[in-house]
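Structure record follows, encoded as structure tokens.
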Amino acid sequence: MRKYLIVFEKTKTGYSVYVPDLPGCIATGDTKEKAEQNIYQAIKFHLEGLKEENLYIPESRTEAGMLYFEA
């Protein structure tokens, strides 16, 4: 089992989400929940394609954190 960080970005029309450790693996959705469902499917499809082509499947190396600042 693998685990990958996903990054959400709010857009004018909903959400965009991408996987830093899987370049080119992106999805969108009208809601954050829909974007998450779509990226889950995109990751599955991406990994299946890499396996079929006998290509390297990247390990998860990206981490995230938050810093807070007074404005």
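Laboratory data are not the source of any read-out in this text; all were calculated from the coordinates shown. Quick caveat, the model's predicted, so the values are computed rather than measured. Cβ sites come from the backbone with ideal geometry, for glycine too, and all protein chains shown count toward neighbours.
Karplus-derived 3J(HN,Hα) values for the range 8-25, using 6.51 cos²θ - 1.76 cosθ + 1.60 with θ = phi - 60°, are 9, 10, 6, 10, 5, 10, x, 9, 10, 9, 9, 10, x, 7, 10, x, x, 8 Hz; glycine and proline are entered as x. Built from the Cα atoms of the chain, the convex hull projects on average onto 6.1 nm², one quarter of its surface area. Taken one residue at a time, the phi angles of the range 34-44 give Karplus couplings (6.51, -1.76, 1.60, θ = phi - 60°) of 5, 4, 5, 4, 5, 6, 4, 5, 5, 5, 4 Hz. Gly and Pro are set to x.
Within the chain, the longest run free of exposed loop sites, counting GluC sites (Glu not before Pro) that sit outside DSSP helix and strand states (H, G, I, E, B) and have at most 12 other Cβ atoms within 10 Å, spans 1-52.
Please list, by residue number, every one of the trypsin sites (Lys or Arg not before Pro) in the chain that is coil in DSSP and has at most 15 other beta-carbon atoms within 10 Å.
Details: sites: Arg2, Lys3, Lys10, Lys12, Lys32, Lys34, Lys44, Lys51, Arg61; in loops: Arg2, Lys3, Lys12, Arg61.
Sparse-neighbourhood loop trypsin sites (Lys or Arg not before Pro): Arg2, Lys3, Lys12, Arg61.
Using θ = phi - 60° in the Karplus curve 6.51 cos²θ - 1.76 cosθ + 1.60, the 3J(HN,Hα) couplings for the range 50-62 round to 4, 4, 4, 8, 6, 9, 5, 9, x, 6, 7, 10, 7 Hz; x is entered for Gly and Pro. Helical runs assigned H by DSSP (4 residues or longer) give the chain a calculated mean residue ellipticity at 222 nm of -10500 deg cm²/dmol, each run adding -39500 (n - 2.57) before division by the residue total.
Expressed in nm to one decimal, what extension gain is obtained for the pair Leu55 and Lys3 from 0.36 nm per residue of sequence separation less their Cα-Cα distance? List each step's numbers first, then the result.
Details: separation 52, 0.36 × 52 = 18.72 nm, distance 1.81 nm.
Working it through step by step, the gained length comes to 16.9 nm.
When you filter the chymotrypsin sites (Phe, Trp or Tyr not before Pro) in the chain for DSSP loop state and at most 14 other Cβ atoms inside 10 Å of their Cβ, you are left with Tyr56, Tyr68, Phe69.
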